[in-house]
Amino acid sequence: MPVQIGQKRESDFSDPLGLLSDCHRRIERFLAVLVKVSERARGRALDPEERAAFMNALEYFRNSAPKHTADEEDSLFPRLRAQASLDCLAELETDHQTADRNHQRVDALGRRWLADGALTLKQAQELNEALARLSRMYTHHIAVEDQELFPLAARLLPADQLAEVGREMAERRKVAHK
């Protein structure tokens with residue numbers, strides 16, 4: 001990813017909450033690519049630039065996004081539940097399940113588009129509808145996590161537990177971390 005002057009430096013595993021929030025920015029960017037290409041192309045054959053961008057975004061959601069969900073559901077949420085009763089966690093987990101179903105449909109249609117070279121009008125419409133559902137869900141979901149949940153986690157969780165979240169995130173990605 002190119003570095004821009006004045007751009008906030010991305011967090012690392014020593015700041016797992018910052019890293020989770022940085023991942024939200026990637027989700028937003030890759031989802032915007034899928035939406036833009038899908039809306040512009042409407043199922044027609046993709047030009048080489050559109051095809052590369054679309055493939056890259058599909059790959060992100062296929063491989064990286066599930067790790068982000070595991071970071072939250074397997075590492076962060078259980079520690080938060082041990083500290084406080086938070087009704088929003090069940091809603092966020094339901095969002096993850098809904099997102100997964102929509103991503104599976106987007107991935108299946110996207111792979112078909114890439115393999116066949118075009119989508120039918122009905123398939124293109126279905127793809128756009130699934131992407132619209134994802135966009136609506138992520139707008140709310142990310143706002144709750146970035147503006148409410150992560151700041152609360154920073155206040156509730158002791159430093160050693162946050163460090164353990166970071167270690168687990170690194171292990172999930174097979175990255176060495178202290």
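The values are calculated or read from the model by the stated rules, or taken from the named source; none is laboratory data. This one's a predicted model, so the numbers in the text were calculated from it and none came from an experiment. Positions of Cβ are backbone-derived with ideal geometry, glycine not excepted, and every protein chain shown enters the neighbour counts.
A few remarks follow.
- Residues of region 159-178 classified as in contact with a Phe, Trp or Tyr (Cβ under 6 Å, 6 or more places away or on another chain) and crowded, with 17+ Cβ neighbours inside 10 Å, total: 3
- Only a single criterion out of (1) over 26 Å from residue 80 (Cα atoms); (2) among the charged types (D, E, K, R); (3) under 14 Å from the mean Cα position of the chain (by Cα) is not satisfied by residue 126, namely (3).
- Test: residue 52 is in a loop (DSSP other than H, G, I, E, B), aliphatic (A, V, I, L, M), out of contact with any strand residue (DSSP E or B) (no Cβ under 6 Å at 6 or more places or on another chain) and modelled with pLDDT of 95 or more: no
- Hits in region 51-73 (condition: loosely packed, with under 14 Cβ neighbours inside 10 Å and among the acidic types (Asp, Glu)): 59
- Any chance residue 97 is within 19 Å of residue 161 (Cβ to Cβ) and surrounded by fewer than 16 Cβ atoms within 10 Å (Cβ to Cβ): no
- Taking helices (runs of 4 or more DSSP H) as the structural unit, those lying wholly within region 64-178 and holding at least 2 residues that are within 15 Å of residue 13 (Cβ to Cβ) and in contact (Cβ under 8 Å) with a residue 60 or more places away in the chain correspond to 65-70, 159-172.
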